């Protein structure tokens, strides 16, 4: 399968050359991210897409001056809900009804089920759960970028509080969970570019119970 070839090709580029990704490819990558699975379909996160060189320069210190921040074409910030609230769940049910229609009684049962599962979580629990859903989308985004021949580097090395303040996320009820640099590897500056990909062997990684 071509996707296996592309996943063998990809790696977390440590330096990028600043070349811009064509918009049609960005659109496909972001649509894949939007279509990623999430618990109950809630999608309790947003993706902030940053292409402004000035804003990336401001973010650079918050990401410990990692060169991918300013060398990438687009920086994605996966920002999770800071907590589940009845308002957010009600909005999800209203959106589902508008998109699907359906039996009002069934939708009300779904609403009550979601409120029972999520609305009672405290902020730490809610954010942790929402962040895990953002990571599901991150994984799909990694694969989508590889399929497009675009380098994608997931990054946890940043100060969330600084980044949240720069982007005004707290006011939106969001917290940055993970970021991803999208662009093109700089073959002259990236020490990792020619090194063999290292992963566990299949026998160490996969257990089959038949």
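With each run of n ≥ 4 DSSP H residues scored as -39500 (n - 2.57), what mean residue ellipticity at 222 nm is computed for the chain after dividing by its residue count and rounding to the nearest 500 deg cm²/dmol?
Calculated from helices alone, the mean residue ellipticity at 222 nm is -13500 deg cm²/dmol.
Would you mind ranking 38, 116, 73, 176 by Cβ crowding within 10 Å, fewest neighbours first?
The order, fewest Cβ neighbours first, is 116, 38, 73, 176.
Any chance you could give the angle, 0 to 90 degrees and rounded to 10, that helix 23-34 forms with the longest Cα principal axis of the chain?
40
For region 58-126, what does the alpha-carbon gyration tensor say about shape, rounded, prolate or oblate, given a ≥ b ≥ c as the root eigenvalues, a/c under 1.5 as rounded, and a/b over b/c as prolate?
It comes out oblate by the Cα gyration axes.
Classify region 103-210 as rounded, prolate or oblate, taking a ≥ b ≥ c as the square roots of the eigenvalues of its Cα gyration tensor: rounded when a/c is under 1.5, otherwise prolate if a/b is larger than b/c and oblate if not.
Oblate shape, in that a/c is at least 1.5 and b/c is the bigger or equal ratio.
Measure nothing fancy, just the Cα-based angle from helix 123-147's long axis to the longest principal axis of the chain, in degrees from 0 to 90, nearest 10.
50
Helix 104-114 against the longest principal axis of the chain: what's the angle in degrees, Cα atoms only, rounded to the nearest 10?
60
To the nearest Å, what is the center-to-center distance of region 89-137 and region 1-68, using C-alpha atoms only?
26
So for each of 196-208, 58-70 I average, over its residues, the number of other beta carbons within 10 Å; can you give me the resulting order with the highest mean first?
Ranking the peptides 196-208, 58-70 by packing returns 58-70, 196-208.
Throughout, read-outs are computed from the coordinates displayed, never taken from laboratory work. On a predicted model such as this, the values are computed, not experimentally measured, just so you know. Glycine gets a Cβ as well: all are built from the backbone with ideal geometry, and neighbour counts include every protein chain shown.
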